[in-house]
Amino acid sequence: MRLAVASGKGGTGKTTVALGLAIVAGEVTLVDCDVEEPDDHLFLGGKGDLVEEVTIPVARVDEDKCTHCGECARACVFGAIAVVKDQVIVIDDMCHGCGVCGLVCPEDAIHEERRRIGEVTLQERNGLHLYTGFLDIGQPLATPLITRLKTLAPDNGLQILDSPPGTACPVVETIKNTDHCLLVTEPTPFGLFDLTMAVDMIRELGVPFSVVVNRDREGYEEMDRYLEKEGVPVLMRIPDSMEIAKLYSRGLHFVEAMPEWRERFSRLLDELTGGGA
Ligand code: SF4
Ligand code: SF4
């Protein structure tokens, strides 16, 4: 089973929930798809062992063959290749390696080269196998790294995917083809605004979903009204607790330190997996 844990915005406790589920799961693959700012590995300590350096293709032009006809620039929907006077320029950071320019070039003057965008590592502790994607600093293309990360991580049992925050392409890439998405939110006006966008996006993807409310407290009723109106099930509420925050600041997950929360996360996992992954 593939279970995504996502949130409309950063800082809602998405990683806390993903880790809590992974800790109680026993044998599990946790995939940190938040490749621009991965942090699940901090809980396990270290960065893990290298699994693969991830590369993507980029276009390269053979100037000896090029007649500067401009067909490639006209065909590139990403604006990644330009013909300027007697020179063809490829903007590597914008090139998606789609290969279209090579197909339309009448002189067969374009070939592919591989360019590194990041790496995937693996850590293991007590049956928890953590695959992490690290996007290289300055690289703008997170989605191809997430695609590769999902391919490398085995999904022959329970797989939990810790999504990037938001609703952009990397999030869609993480959540698509999962069996369920758990949305983590917090009861604030900003939290509600971002939750509504996340709900709209997940409905478009057709992935079943439910909600965990983190830092739950009284005084903001609009979120509950919205969830009830939309018929979105709330599977857990985690209180705004100083004890939990203190444990986390010491690098301890409250599921490990507080038996009642281990029990609650076990029940949540059972509910999500139907009692077995
Ligand atoms: S399509 Fe080929 S020949 Fe034409 S400008 Fe581009 S690389 Fe050169
Ligand atoms: S490979 Fe695709 S994205 Fe890159 S320059 Fe060619 S057409 Fe544009």
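List of remarks:
- Test: residue in the stretch 114-131 that is within 9 Å of ligand 2 (Cβ to nearest atom) and out of contact with any Leu (no Cβ under 7 Å at 6 or more places or on another chain): no
- Residue in the stretch 237-245 that is outside any helix (DSSP H, G or I), touching a Lys or Arg at 6+ places or on another chain (Cβ under 9 Å) and within 23 Å of residue 178 (Cα to Cα) present: no
- Cβ-Cβ under 7 Å pairs, at least 6 apart or on other chains, the stretch 240-269 side free of Cβ contacts under 8 Å to residues at least 60 places away in the same chain, far side part of a helix (DSSP H, G or I) and surrounded by fewer than 18 Cβ atoms within 10 Å (Cβ to Cβ): 247/257
- Residues within the stretch 39-81 that are away from ligand 1 (no atom under 16 Å from the Cβ), part of a loop (DSSP other than H, G, I, E, B) and buried (at least 17 other Cβ atoms within 10 Å of the Cβ), tallied: 1
- Looking across the stretch 246-256, the residues that are outside any loop (DSSP other than H, G, I, E, B) and more than 20 Å from residue 183 (Cα to Cα) come down to 246, 247, 248, 249, 256.
- Contacts under 6 angstrom Cβ, first residue in the stretch 84-112 being touching a residue at least 40 places away in the same chain (Cβ under 8 Å), partner of a type in the set (S, T, N, Q) and near ligand 1 (Cβ under 8 Å from one of its atoms), 6 or more apart: 107/67
- Members of the stretch 207-218 that are over 17 Å from residue 13 (Cα atoms), at pLDDT 95 or above and of a type outside the set (A, V, I, L, M, F, W, C): 208
- Within the stretch 2-16, tally of residues that are over 10 Å from the mean Cα position of the chain (by Cα) and at pLDDT 95 or above: 2
- If you go through the stretch 18-36 and pick out every residue that is out of contact with any helix residue (DSSP H, G or I) (no Cβ under 7 Å at 6 or more places or on another chain), modelled with pLDDT of 95 or more and of a type outside the set (Gly, Ala, Ser), you end up with 3.
- Which listed residue, of 207, 172, 213, is in contact with a Lys or Arg (Cβ under 7 Å, 6 or more places away or on another chain), hydrophobic (A, V, I, L, M, F, W, C) and closer than 24 Å to residue 22 by Cα: 213
- In the stretch 132-233, counting only strands (runs of 3 or more DSSP E) that sit wholly within it, the ones holding 2 or more residues that are free of Cβ contacts under 8 Å to residues at least 60 places away in the same chain span 209-216.
The values are calculated or read from the model by the stated rules, or taken from the named source; none is laboratory data. These figures come from a predicted structure and were not determined experimentally. Here Cβ is always computed from backbone atoms with ideal geometry, including for glycine, and neighbour counts include all displayed protein chains.
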